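All remarks here apply to the structure that follows.
The values are calculated or read from the model by the stated rules, or taken from the named source; none is laboratory data. Keep in mind the model is a prediction, meaning the values are calculated, not measured. Neighbour counts are summed over all protein chains in view; Cβ atoms, including those assigned to glycine, are modelled from backbone coordinates with ideal geometry. Side chains are part of the model used for accessible areas, which takes the heavy atoms of the whole protein and leaves out ligands, DNA and RNA. Shrake-Rupley method; radii C 1.70, N 1.55, O 1.52, S 1.80 Å.
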Amino acid sequence: MIEFRTLSDGNLALQLSPLIRAAWHTMEYAAKHKGIDLTATKAFQRKFVHWAVEHVDWPGYGAEEVFSVSKVVNEYEFPPIQIVHFLLLRRKLGRHYKGKFLLTRKGQDLLVAPGALFGELIPFFLLNVDHVSYGRLEERPFGTWDVWLNVINVELEQGLTEKQIYGLFYGEGPDWDNAGWRDLAAFSSHVLKPLEWAGLVSAHEVEGGSRRDWVCFKTVLWREALQLDTDEMVKAKTRH
């Protein structure tokens, strides 16, 4: 069973969530500028996308990385803001009207309530969004969030690499430098990246390492926000 606890608006752990930071910045911008201009295909216009690249502070998508590829960035080329746009519409925090993205009354209310904003966006993002839709691979890992979260809850107390976390569920064979890299990549993009973007897991590159040298840890937000069946096992493991 997965339950998300209600977080107070003053909970400092909310700052650990890239998704909540990006959503808040987007909503604040829309409120301050009386909406965000849309393209003919109803994407955010480049002016806002460029502003977002410089302000949302999304892991792996800093301004230097994004603009090194191209000086002109569209919404579909910046997945963080594309995801936020989708979520705000689906959760009815924003709407399209006369060529602009505008906050709804619900969105205006949640702009000043980050704890409630987390509860509105993060459970839906993790459990209901098809994470393959914005990834580079079409493969999906076999499993459920109930299993993934409860096992990770126990095993990630001291930190593990992506490969080690994958091995908890599927065995030790696949690696980034053999034919199993696609399986590892699918698991990372479908499970680990959403957890990192939600702010529940942090990923740290090993100094001098390569793509395979990333170590993941549970964040304070994981402990504050999630209530899982294996919580008692974590407490027992910590005592020992």
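Taking Trp24 as the residue in question, decide whether it is crowded, with 18+ Cβ neighbours inside 10 Å, in contact with a helix residue (DSSP H, G or I) (Cβ under 9 Å, 6 or more places away or on another chain) and at pLDDT below 95. Walk me through it before giving the result.
Details: crowded, with 18+ Cβ neighbours inside 10 Å: yes; in contact with a helix residue (DSSP H, G or I) (Cβ under 9 Å, 6 or more places away or on another chain): yes; at pLDDT below 95: no.
The answer is no for Trp24.
Just give me the residues in segment 110-125 being surrounded by fewer than 23 Cβ atoms within 10 Å (Cβ to Cβ) and either of a type in the set (Val, Ile, Thr) or free of Cβ contacts under 8 Å to residues at least 24 places away in the same chain (or both), in sequence order.
If the condition is that a residue be surrounded by fewer than 23 Cβ atoms within 10 Å (Cβ to Cβ) and either of a type in the set (Val, Ile, Thr) or free of Cβ contacts under 8 Å to residues at least 24 places away in the same chain (or both), then Val112 is the only one that fits.
Among Asn128, Asn153, Asn178, which is under 21 Å from Arg95 (Cβ atoms) and either loosely packed, with under 14 Cβ neighbours inside 10 Å or not basic (Lys, Arg) (or both)? Walk me through it before giving the result.
Details: Asn153 fails: under 21 Å from Arg95 (Cβ atoms); Asn178 fails: under 21 Å from Arg95 (Cβ atoms).
Checking each option against the conditions leaves just Asn128.
Take the residues in segment 159-199 that are in contact (Cβ under 8 Å) with a residue 12 or more places away in the chain and outside any helix (DSSP H, G or I); name whichever of them is nearest to Leu226 (Cα to Cα). Can you show your working first?
Taking segment 159-199 as the starting set, the residues that turn out to be in contact (Cβ under 8 Å) with a residue 12 or more places away in the chain are 159-163, 165-166, 168-170, 175-177, 182-199.
Pick out the ones that are also outside any helix (DSSP H, G or I) and you get 159-161, 175-177, 199.
Working: Gly159: 18, Leu160: 19, Thr161: 22, Asp175: 30, Trp176: 30, Asp177: 34, Gly199: 12 Å.
If we take residues in segment 159-199 being in contact (Cβ under 8 Å) with a residue 12 or more places away in the chain and outside any helix (DSSP H, G or I), then Gly199 is nearest to Leu226 (Cα to Cα).
Name the residues in segment 80-109 that are in a helix (DSSP H, G or I) and open to solvent by less than 20 Å² (accessible area, probe 1.4 Å), would you? I'd like the intermediate steps shown before the answer.
At the first step, the residues of segment 80-109 found to be in a helix (DSSP H, G or I) are 80-90, 105-109.
Those that are in a helix (DSSP H, G or I) and open to solvent by less than 20 Å² (accessible area, probe 1.4 Å): Pro80, Ile81, Ile83, Val84, His85, Leu87, Leu88, Gly107.
So in segment 68-79, with the set limited to residues that are out of contact with any strand residue (DSSP E or B) (no Cβ under 6 Å at 6 or more places or on another chain) and in a helix (DSSP H, G or I), which one is most open to solvent (accessible area, probe 1.4 Å)?
Let us first name the residues in segment 68-79 that are out of contact with any strand residue (DSSP E or B) (no Cβ under 6 Å at 6 or more places or on another chain), namely 68-74, 76-79.
Applying the additional criterion that residues be in a helix (DSSP H, G or I) yields 68-69, 76-77, 79.
Working: Ser68: 89, Val69: 128, Tyr76: 149, Glu77: 77, Pro79: 21 Å².
Looking at the filtered set, the residue picked out is Tyr76.
Whether any residue in segment 53-67 is loosely packed, with under 13 Cβ neighbours inside 10 Å, hydrophobic (A, V, I, L, M, F, W, C), more than 17 Å from His96 (Cα to Cα) and out of contact with any helix residue (DSSP H, G or I) (no Cβ under 6 Å at 6 or more places or on another chain) is what I want to check.
The answer is no, given that none of the residues of segment 53-67 is loosely packed, with under 13 Cβ neighbours inside 10 Å, hydrophobic (A, V, I, L, M, F, W, C), more than 17 Å from His96 (Cα to Cα) and out of contact with any helix residue (DSSP H, G or I) (no Cβ under 6 Å at 6 or more places or on another chain).
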